[in-house]
Amino acid sequence: MMLQQTPWCTREGKRTSMVNVSVSPAPLEAGKVVNGVRIIESEENSTITRHSKLDKEPLLNSIYQEVPGGESVAVLSLYRFMQASKTVLLCGLYMGIGPTLILVNKHIIKDLDNGRGFNYPMFLSSLGLISSSIVAHLVVRVFGYKLHNQARMTRQMYLWNVVPVGICQAATLTLGNAVYMFLTVSFIQMLKAFTPVMVLAVGVLLHVEVSEPRIVMSVMGICLGTALASLGEVNFNLPGILLMMAAELTEAIRLILVQHFLQSLRFGIVESQFYMAPAGALCLMGASVLTEYKSMHANGAFSQIFAHPALFFLAGTLGVGVNFSSYLVVQQTNSVTLKVLGAARNAGLVLLSVLYYGELVSGTQASGYAVSLCCFGLYSYLKMNKNV
């Protein structure tokens, strides 16, 4: 009897777990155990079996039932249901945590203490990365999580691969939070639709992306929609738009660097935060000390922190949630799903800003944003089919 490894079940072409395929001259009876392997399906010319390692999983072992005829429909159906439930839960968390963090940061920066505000975006941005660093190090140092790439993470690799990512992440968070001092929440979310344009431009310049005609056309549509949304903005502010464009540029560079870096090392969520979050936190705190500390001390900003400890703690905690949930969504689905969810989340924030906060959105602005969303959907579809 020959044994070879083959996917037990697949989702979008990705391997999810393994079984042994036993090729035998005669089919074996389902439900029996042969050489430590349980048979779960029988076919005329081959026998699909479950590896003994999977028998150790309490979930699958508890729901397994021998079904006459060699079928295990109940097991597969329940497994798929639980995977779908997990996907919905993770996507729901991602959709909820991100907007909550945006609104909390907007309140701290602009509305804290009856409009006085906390105008120190670098310090505020560092809270999420510091919290993520603490959580990742606790999981590794206290709970014994194994770092699989620790031997390969040399000082040179850290300086040339991780530190640039940390610098770009720090710049993105700082610029992204500073924008709330100049632009409305709704307009900021509209401008975020421009991110794929930056990613494609940086990717082409660094020779990691190919400018295919259909993708270029969809990106041009995003540019047109963003231009219309900007022209229709009631409270147009050039410094705010420049800050937003700079934030999207640094985010595009960060995404390209991370993509290049992860091609050589396969990081889990804890391991990525263990290495990358401290680098970003150190960059942010260093920049904050150099540029914000004197002003914070002179204007009593530290008293604001002590007066509202729960609010600042919430900002740091939500930062951890954003960092971890985005990675988990990509791990459970794919990066295209994350982009689509992000676009839907931004559209929801636009509606919330108009309905709840009373922000004004003109017809031209709404039309431009609709064009951007449609072209963004086309861009995501083309990228997904390209990667299949």
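Summary table
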| quantity | calculated |
| --- | --- |
| Selected residue (criterion: surrounded by the most Cβ atoms within 10 Å (Cβ to Cβ)) from residues of region 337-364 that are out of contact with any helix residue (DSSP H, G or I) (no Cβ under 8 Å at 6 or more places or on another chain) and part of a helix (DSSP H, G or I) | Leu351 |
| Only one of Phe306, Phe312 that is modelled with pLDDT of 90 or more, aromatic (Phe, Trp, Tyr) and surrounded by fewer than 19 Cβ atoms within 10 Å (Cβ to Cβ) | Phe306 |
| Single unsatisfied condition, Ile130 versus (1) touching an Asp or Glu at 6+ places or on another chain (Cβ under 9 Å); (2) open to solvent by less than 80 Å² (accessible area, probe 1.4 Å) | (1) |
| Enumerated helices (runs of 4 or more DSSP H) restricted to region 210-295, each holding at least 1 residues that are open to solvent by less than 50 Å² (accessible area, probe 1.4 Å), among the aromatic types (Phe, Trp, Tyr) and more than 19 Å from Leu173 (Cα to Cα) | 238-262 |
| Hits in region 372-388 (condition: within 27 Å of Phe236 (Cα to Cα) and either within 20 Å of the chain's Cα centre (by Cα) or open to solvent by less than 50 Å² (accessible area, probe 1.4 Å) (or both)) | Ser372, Leu373, Cys375, Phe376, Gly377 |
| Test: residue in region 134-149 that is modelled with pLDDT of 85 or more and buried (at least 23 other Cβ atoms within 10 Å of the Cβ) | yes |
| Which numbered condition Leu159 fails, given (1) out of contact with any helix residue (DSSP H, G or I) (no Cβ under 6 Å at 6 or more places or on another chain); (2) part of a helix (DSSP H, G or I); (3) open to solvent by less than 30 Å² (accessible area, probe 1.4 Å) | (3) |
| Hits in region 78-119 (condition: open to solvent by less than 20 Å² (accessible area, probe 1.4 Å) and more than 23 Å from the chain's Cα centre (by Cα)) | Ile108, Ile109, Leu112, Gly117, Phe118 |
| Residue within region 184-194 that is more than 21 Å from Asn237 (Cβ to Cβ) and open to solvent by less than 40 Å² (accessible area, probe 1.4 Å) present | no |
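The values are calculated or read from the model by the stated rules, or taken from the named source; none is laboratory data. Note that this is a predicted model, so its numbers are computed, not measured. Because the Cβ atoms are built from the backbone with ideal geometry, glycine has one as well, and the counts that use them run over all protein chains shown. Side chains included, ligands, DNA and RNA excluded: accessible areas come from the protein's heavy atoms. Shrake-Rupley method; radii C 1.70, N 1.55, O 1.52, S 1.80 Å.
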